[in-house]
1. Cut-off is 10 Å between beta-carbons; in what order do 144, 62 appear when sorted fewest neighbours first?
2. Please report the antiparallel percentage of DSSP beta bridges with both residues in region 2-138, rounded to the nearest 5.
3. In what sequence do 52, 253 fall when counting other Cβ within 10 Å, fewest first?
4. Amide H of residue 252 versus every other amide H placed in the peptide plane: which residues, excluding those fewer than 5 positions away on the same chain, fall under 5 Å?
5. Applying the Karplus parametrisation 6.51 cos²θ - 1.76 cosθ + 1.60 with θ = phi - 60° to the phi angles of region 128-138, what ³J(HN,Hα) value in whole Hz is obtained for each residue in order, glycine and proline being reported as x?
6. Given the chain, what percent of its DSSP beta bridges are antiparallel, to the nearest 5?
7. At a 10 Å Cβ-Cβ cut-off, how would you order 162, 1, fewest neighbours first?
8. Under unit Cβ charges (Lys, Arg +1; Asp, Glu -1), what dipole magnitude, rounded to 20 debye, does region 337-509 have relative to its Cα centre?
Amino acid sequence: MRVAVVWFRNSMRIHDNPVLSWAYESENVEAILPIYIFAEETNQGGNQTIGKHRLRFQFDCVEDLHKNLKSELDLDLHIFSGDCVAVLESISEQLQPCEVILLTEYSTSPLDTEQNEIIENNIITTHQNWSAKSIPCSQTILDVEAIVGSPKYKPPKSMKDMVRIFTREFGDFENIVFQTNELNPPLSSRKKGLTVNSQYQTSLDKIRPFFTSPGYFRGGESEAIVRLENKVISQHDYVNSFNKPKSISTNVKGNPFEPTTTGLSPYISTGCLSIRRLWNSCSEIQQSSEHTVPPVSLHGQILFREMFYLLSRSTANWDQDIGNSQCKEIEWGELNRVQLDAWESGQTGFPFIDAMMRQLNATGWMHHLGRHAVSCFLTRGQLWQNWTHGRDVFERKLVDSDWAVNNGNWLWLAGVAPFSMPYYRIYNPCPDAKSSLNVETKDAEFIRHWVPELAEFPSKYIFEPNLAPLHIQESAGCLIGKDYPSPIIDRKESRKKNLQSFKLSLENLR
Ligand SMILES: Cc1cc2nc3c(=O)[nH]c(=O)nc-3n(C[C@H](O)[C@H](O)[C@H](O)COP(=O)(O)OP(=O)(O)OC[C@H]3O[C@@H](n4cnc5c(N)ncnc54)[C@H](O)[C@@H]3O)c2cc1C
């Protein structure tokens with residue numbers, strides 16, 4: 001008998017899942033064993049590499065996948081906790097009489113590629129009945145390996161380059177619609193499921209008690225489909241007029257948790273939502289009327305994502321600030337733990353920065369322009385800290401944490417990459433109504449919610465409360481320096497100094 005072990009890592013869904021489709025369509029696969037492996041010991045605070053909201057989201061994804069595999073395909077998701085080689089070894093004996101193919105999604109992340117290598121060396125080469133296959137286009141639209149390996153490939157630097165790549169691959173850009181991999185009957189009833197036992201097996205009931213409070217974003221394919229319907233499919237005007245740089249960073253009026261953009265990133269990064277399905281949903285809507293185009297449109301956002309996946313594969317040391325062809329080696333300052341902690345915990349004394357970081361800490365999400373503001377502040381704007389410090393915080397805490405995309409965006413914002421915004425365009429961390437950070441300043445609801453110390457402050461001073469006269473601070477019940485921190489840095493002086501340092505660093509590189 002030939003068994004396909006389908007290892008879910010970054011495609012936590014049944015719809016449009018090329019790995020599952022491969023298993024179902026492959027003539028000589030008779031049985032399917034779906035597995036999920038929690039890598040590390042977890043507790044209420046998360047673990048070493050994954051913060052509590054990200055982990056909670058991941059748990060929701062596994063729970064939902066477990067339910068959907070059972071109800072739609074009559075398959076039991078086997079859930080393990082521990083080292084992947086030990087887990088696979090523990091089930092290999094029970095699969096001894098079978099020919100086993102281990103299927104995973106293609107990935108560019110070092111964690112996944114390292115795991116693949118270890119498995120190749122420790123399982124595949126030592127068990128004659130095992131083989132492994134990684135299936136392309138699960139996380140991305142493009143076949144990353146094929147594009148990067150083609151003689152025509154040049155690392156993309158801009159949206160124009162990406163439109164060119166898409167046109168070359170798929171034809172007339174305006175009319176691109178993708179075929180998706182759906183498991184409709186009779187395909188879905190063709191294979192049988194399999195059951196194995198292992199000492200590494202764990203259950204959802206064992207892990208669930210770690211997660212007592214629900215996150216704002218609930219993980220899972222089912223939630224992803226509902227959000228896609230509510231924020232995209234039923235919102236034709238919204239999709240047609242989508243203009244990312246104009247979106248409000250301080251969330252929806254009346255709901256300080258809900259993004260003005262789609263809020264689909266956690267579902268896309270965990271693979272609960274197929275990126276092709278999002279693309280097609282937008283294409284269908286756009287076909288009937290005038291619409292925005294890349295880089296500002298929703299298709300544009302997807303292209304940015306594809307661009308970072310290509311670059312993450314074709315750039316050695318993509319996540320390093322040294323030996324990375326997409327990163328100018330700027331002479332950043334020594335690690336300043338005090339400032340970094342203040343930034344991470346939302347205690348900088350700059351309410352907009354603090355509100356954004358506190359939202360990240362409380363939910364695992366932040367609007368794109370909020371990410372612009374806090375990353376600029378940490379690096380070339382105010383604190384002159386190496387971008388990789390901020391990248392690490394985001395990687396651990398974001399519910400949409402994605403190695404290719406996170407590094408790409410930090411490179412962009414730090415001003416060090418060929419595709420970066422100009423380094424001298426620095427955001428004011430105390431934005432006003434005219435700021436390109438698109439902040440709601442009249443009622444300043446977002447700040448009042450996330451920085452409750454300032455809840456009674458007049459809007460006029462709330463973005464720079466240290467400038468408020470003492471009697472105003474007193475009547476708002478918040479003394480700056482006592483109830484809320486004074487600014488940890490002089491924003492104007494640091495801006496000036498950092499601009500000079502950046503310029504000097506660039507000159508030294510020539
Ligand atoms: C410093 C920094 C770090 C970031 N780290 C991540 C990360 O780890 N994971 C992540 O998914 N996004 C990251 N982003 C990109 C972006 O902020 C989020 O994808 C976006 O805010 C998610 O919100 P949304 O789903 O409402 O986006 P929408 O505007 O609704 O866009 C739809 C989808 O397009 C993709 N997308 C949008 N913007 C970008 C972008 N700039 N780059 C790549 N893909 C994009 C996402 O999958 C998103 O869900 C980062 C941005 C910055 C500035």
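1. Values: 144 23, 62 20.
In order of increasing Cβ crowding within 10 Å: 62, 144.
2. Values: 2 of 22 bridges.
Counting DSSP beta bridges with both partners in region 2-138, the antiparallel share is about 10 percent.
3. On the way: 52 21, 253 13.
Ranked by crowding around the Cβ, least crowded first: 253, 52.
4. Amide H neighbours of residue 252, under 5 Å, 5+ apart: 258, 260.
5. Result, ordered by residue: 4, 8, 9, 9, 9, 8, 10, 9, x, 6, 8 Hz.
6. Working: 4 of 27 bridges.
So the antiparallel bridges in the chain amount to around 15 percent.
7. Numbers: 162 24, 1 13.
Fewest-to-most Cβ neighbours within 10 Å comes out as 1, 162.
8. Numbers: 19 positive and 19 negative charges, 118 e Å.
Charge dipole, region 337-509, about its Cα centre: 560 debye, nearest 20.
Throughout, read-outs are computed from the coordinates displayed, never taken from laboratory work. Worth saying up front: this structure is predicted, and the values here are computed from it rather than measured. When we count neighbours, we look across all protein chains shown, and the Cβ atoms used for this are built from the backbone with ideal geometry, even at glycine.
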